[in-house]
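K.L.:
This is the structure I want to talk about, given as structure tokens.
Here, each number is a calculation from the coordinates, and none is a lab measurement. No experiment lies behind these values; they were computed from the predicted model shown. Ideal geometry is used to build each Cβ from the backbone, glycine not excepted, and the neighbour counts take in all protein chains shown.
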Amino acid sequence: MKVNMLAIISFILAIFTINSVSAATVEMVTPGKLPVQLQEGEQVDFTIKIKDYDDEGQLTIETNLIPSADKPLWHFGDSEPIIDANRYQPKITLNLSSLPAILTVSVSGKVPEGIDRVKCSDIVLNKMHGTTLKFYEIRTGAKLVKIESFGLVIKIKDDFEKTLQQIRRKEFDGMKTEVTKVFDVGLTTEAQNIANEMKNIKWPDSLMLFGIINIENDMMINGIVIGSILITFILGYLLGSRGQDDDSEE
């Protein structure tokens, strides 16, 4: 029983050892740390090193960045001449057997727009993309080696959300929900215009009762209502009592 257990443990350790030896690794060279969020159209440049991969099979590298001007996305330094791939494409596949022990990869591209524009008659729909994009994704065969992502800040979405944050009156909470639905279906311009109108509505800081009393908040309104009820009750009671006194005198 002990022998079998030792054999099982040795087998498991052997598997982990094999995996740790054959697993590729990715090292960031520059800039050291990539940003968490990026705006549409921002330029991005970074360099990574890939090593410890098997010398058989294929290496696939992919990015959501797009070429800036006519410059290629991928640069491979001294390995450039031996790589047969379209360096302008966001996804390329390389034969590992033709690569050096350490492959240096530089990426130079810009952040894509976060919307698709679809024209329907006289209306343009702006459909949002996903907001999590990849700096790079690296695979050896079907195995994922590493993926590095960033959050995409879509300008029209960011502007719309900032406008809604400026509308603080609770009376507009329902309308804010509805106008967000309008935005989400792609009518972004129309939704932004409605949000702007809601934001620009001027509310008085206070109300005047009978042109004399300044009403500044709901507590004052509640107090006035309760006070009016009490005064009415007292007046009614006093008038009723006086009527009874007059009847008794007759």
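K.L.:
Express in nm, to one decimal, how much length is gained between R169 and K91 on full extension, taking 0.36 nm for each residue of separation and deducting their alpha carbon distance.
P.N.:
23.2 nm
K.L.:
What full-extension length gain, to one decimal in nm, is calculated for M128 and Q39 as 0.36 nm per residue of separation minus the Cα-Cα distance?
P.N.:
30.6 nm
K.L.:
How large is ³J(HN,Hα), in whole Hz, for each residue of the range 175-180 in order, when computed from phi with the Karplus curve 6.51 cos²θ - 1.76 cosθ + 1.60 and θ = phi - 60°, using x for Gly and Pro?
P.N.:
5, 5, 5, 5, 5, 5
K.L.:
Given a cut-off of 19 Å, name the pairs among K33/K143; K33/K91; K110/K155 whose C-alpha atoms lie farther apart than that in the structure shown.
P.N.:
Result: K33/K143; K33/K91 exceed 19 Å.
K.L.:
While we're on this one: Can you order the peptides 47-53, 120-126, 143-149 by their average number of other Cβ atoms within 10 Å per residue, highest first?
P.N.:
Descending packing order for the listed peptides: 47-53, 143-149, 120-126.
K.L.:
A follow-up question, please. Could you give the length gained on full extension between R117 and D78, defined as 0.36 nm per residue of separation minus the Cα-Cα distance, in nm?
P.N.:
9.9 nm
K.L.:
Quick one: D70, D184, fewest Cβ neighbours within 10 Å first, how do they rank?
P.N.:
Neighbour counts put them in this order, fewest first: D70, D184.
K.L.:
I'd like the Karplus ³J(HN,Hα) series for the range 105-117: coefficients 6.51, -1.76, 1.60, θ = phi - 60°, whole numbers in Hz, and an x wherever there's a Gly or Pro.
P.N.:
Couplings: 10, 10, 10, 9, x, 10, 6, x, 5, x, 9, 10, 9 Hz.
K.L.:
In sequence order, what are the phi-derived ³J(HN,Hα) couplings for the range 130-146 according to the Karplus relation 6.51 cos²θ - 1.76 cosθ + 1.60 with θ = phi - 60°, rounded to whole Hz, with x for glycine and proline?
P.N.:
Result, rounded to whole Hz: x, 9, 10, 10, 9, 5, 7, 9, 10, 10, 10, x, 9, 8, 6, 8, 6.
K.L.:
Given H placed on each backbone N at 1.01 Å, which residues far from Q58 in sequence or on other chains put an amide H within less than 5 Å of it?
P.N.:
L96, G141
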